[in-house]
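See structure below.
The values are calculated or read from the model by the stated rules, or taken from the named source; none is laboratory data. Source: prediction; values computed, not measured. Neighbour counts run over all protein chains shown; Cβ positions are idealised from the backbone, glycine included.
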Amino acid sequence: MLKLDLVQTVAFAGLVLYLGYGIRRVCKPLARYNIPAPVIGGLLIACAILGARQWQITLFEFDTTLQSPLMIAFFTAVGFSASLALLQQGGAQVLLLLGLASVFAVLQNVIGIALSYVLGVHPLFGVIVGSVTLAGGPATGLAFAPLFEQAGVAGAASVAVASAMAGIASASWLGNPIGTFLIERFKLKSATPTEPSRTPVESVQSSPQGTAGAPALLKSVVLVLAAMWLGTWISRGFAALHVTLPAYIGAMLVAALLRNWDDATHRLGLSQRLLAELGMVALSLFIVMALMTLKLWELAGLALPLLIILAVQIVFMALVCLWPVFFAWLGKDYDAAVASSGFCGFMLGTTANAVANMEALVERYGPAPRAFLVVPMVGAFFIDFTNALIITACLNIWK
């Protein structure tokens with residue numbers, strides 16, 4: 001057995017991360033379906049541990065002390081992206097799409113909980129196979145898993161990963177056909193003759209805000225750490241009120257306040273590009289570390305309920321994108337069709353799925369600037385806030 005301390009565990013996670021990138025480069029379907037490299041590498045190690053366990057062999061013993069701080073650092077970086085000015089830039093369309101995403105995140109949980117009662121599993125099992133991993137993705141699923149374990153859902157982390165991976169794959173399979181069907185069925189055409197400009201997400205992340213180089217990097221690191229520190233006091237305050245919250249909520253709220261204060265005063269000179277990059281580094285290492293320690297054997301008795309709930313969730317979201325999202329709320333035009341494809345992407349998978357779905361459509365049918373304005377903002381930033389509140393409410397009701 002190889003026993004690794006906390007530094008060695010992070011170093012090993014970094015090597016496994018690059019193994020995931022290498023595998024994805026060689027295996028093109030993994031890249032085509034937007035399977036994250038940290039997931040590929042982490043699951044490979046988890047499967048190796050599972051295989052060795054069949055022979056009564058323990059391959060590794062990890063020290064995961066830094067796993068939780070890395071997770072909190074990622075969501076803190078998300079908090080620094082939550083700009084009210086950015087929300088206003090998208091206008092009513094962003095608020096509309098965020099409202100839709102929040103409503104359907106609630107319905108994902110309603111479906112999951114109802115089916116859990118029918119199938120005889122813990123009702124919070126249905127929440128995991130609901131907005132936690134579908135609207136939230138693997139990062140949210142792994143972040144909330146310890147709280148679901150405490151609430152009585154055995155194997156919550158393994159269930160979360162399985163659900164998130166199924167959602168990501170389904171988002172890629174369904175999103176483009178949905179958009180194509182709507183465009184061709186209603187003979188929709190792009191009203192924009194030129195290529196769409198960068199999305200607000202891309203503009204913010206590539207913005208030259210702040211000074212380049214080591215001083216800006218140091219400032220970004222210190223701000224993330226300071227928000228994490230201050231956030232612990234907020235989290236402790238909620239805990240004192242007996243409100244169950246994920247560990248990152250306090251830090252994410254502090255980061256959002258700092259971001260909007262900086263937007264108004266320009267005192268901090270935040271570099272959104274550096275903060276986003278720090279968040280992605282923390283996320284990648286967190287996911288690898290979380291997956292390396294998965295107990296995949298816990299999924300054996302939960303496979304049938306998981307598959308049934310996932311099948312219903314996927315069909316439900318496909319119908320939602322084909323009818324109410326396109327017809328009732330997004331306008332029944334070409335941009336609405338492209339946005340429906342993107343909505344399917346981030347409500348079943350990740351923002352990467354959403355953008356990939358929309359890019360495939362605009363390459364074939366023409367630009368959709370309105371869709372590229374609103375979908376990435378909602379999928380990348382704002383749904384994380386409302387989804388965290390929805391999940392927390394479910395935890396406090398059914399714990």
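For Gly130, the requirement of being within 19 Å of Ala290 (Cβ to Cβ) and either at pLDDT 95 or above or surrounded by fewer than 24 Cβ atoms within 10 Å (Cβ to Cβ) (or both) is not met. Considering the stretch 123-138, the residues that are in contact with a Leu (Cβ under 8 Å, 6 or more places away or on another chain) and assigned to a helix (DSSP H, G or I) include one that is farthest from Ser170 (Cα to Cα), namely Leu124. Test Val338 against the stated conditions and say whether it is over 21 Å from Asn109 (Cβ atoms), more than 20 Å from the chain's Cα centre (by Cα), surrounded by 21 or more Cβ atoms within 10 Å (Cβ to Cβ) and touching a residue at least 40 places away in the same chain (Cβ under 8 Å). Here the answer is yes, as Val338 does meet what is asked. Inspect all residues belonging to the stretch 256-265 and state whether any of them is outside any helix (DSSP H, G or I), touching a residue at least 24 places away in the same chain (Cβ under 8 Å) and within 29 Å of Ala160 (Cα to Cα). No, the stretch 256-265 contains no residue that is outside any helix (DSSP H, G or I), touching a residue at least 24 places away in the same chain (Cβ under 8 Å) and within 29 Å of Ala160 (Cα to Cα). Look at Gly301 and say whether it is more than 30 Å from Tyr18 (Cα to Cα), more than 19 Å from the chain's Cα centre (by Cα) and outside any helix (DSSP H, G or I). Judged against the criteria, Gly301 is not a match. Determine whether the stretch 344-352 contains at least one residue that is of a type in the set (Gly, Ala, Ser), within 19 Å of the chain's Cα centre (by Cα), assigned to a helix (DSSP H, G or I) and surrounded by fewer than 24 Cβ atoms within 10 Å (Cβ to Cβ). Checked the stretch 344-352: at least one residue is of a type in the set (Gly, Ala, Ser), within 19 Å of the chain's Cα centre (by Cα), assigned to a helix (DSSP H, G or I) and surrounded by fewer than 24 Cβ atoms within 10 Å (Cβ to Cβ). Restricting the stretch 17-70 to residues that are polar (S, T, N, Q) and out of contact with any helix residue (DSSP H, G or I) (no Cβ under 8 Å at 6 or more places or on another chain), the residue that is surrounded by the fewest Cβ atoms within 10 Å (Cβ to Cβ) is Gln56. Within the stretch 224-240, identify whether any single residue is out of contact with any strand residue (DSSP E or B) (no Cβ under 9 Å at 6 or more places or on another chain) and assigned to a loop (DSSP other than H, G, I, E, B), and answer yes or no. No, the conditions are met nowhere in the stretch 224-240.
Hey, can you tell me all the residues within the stretch 241-264 that are out of contact with any helix residue (DSSP H, G or I) (no Cβ under 8 Å at 6 or more places or on another chain) and under 19 Å from Pro146 (Cα atoms)? Selection gives His242 alone.
Filtering Asn34, Asn109 for residues that are at positive phi and within 22 Å of the chain's Cα centre (by Cα) leaves a single hit, Asn34. Screening Lys332 with (1) within 12 Å of Leu182 (Cα to Cα); (2) assigned to a helix (DSSP H, G or I) gives one miss only, at (2). Across the stretch 52-105, what is the number of residues that are in contact with a Ser or Thr (Cβ under 8 Å, 6 or more places away or on another chain) and under 29 Å from Leu322 (Cβ atoms)? Qualifying residue count for the region: 4. Has the stretch 89-108 got at least one residue that is buried (at least 24 other Cβ atoms within 10 Å of the Cβ) and within 13 Å of Ile309 (Cβ to Cβ)? Yes: the stretch 89-108 contains one or more residues that are buried (at least 24 other Cβ atoms within 10 Å of the Cβ) and within 13 Å of Ile309 (Cβ to Cβ). Of the set (1) surrounded by fewer than 21 Cβ atoms within 10 Å (Cβ to Cβ); (2) within 26 Å of Ala13 (Cβ to Cβ); (3) at pLDDT below 95, all apply to Trp229 but (3). Filtering the stretch 353-367 to residues that are over 16 Å from Phe181 (Cα atoms), among the hydrophobic types (A, V, I, L, M, F, W, C) and buried (at least 24 other Cβ atoms within 10 Å of the Cβ) leaves only Ala354. Taking every residue in the stretch 280-291 that is under 14 Å from Ala77 (Cα atoms) and among the β-branched types (Val, Ile, Thr) and pairing it with any residue that is modelled with pLDDT of 95 or more and part of a helix (DSSP H, G or I), at least 6 positions away or on another chain, the pairs with Cβ-Cβ distances below 9 Å are Val281/Leu70; Val281/Ala73.
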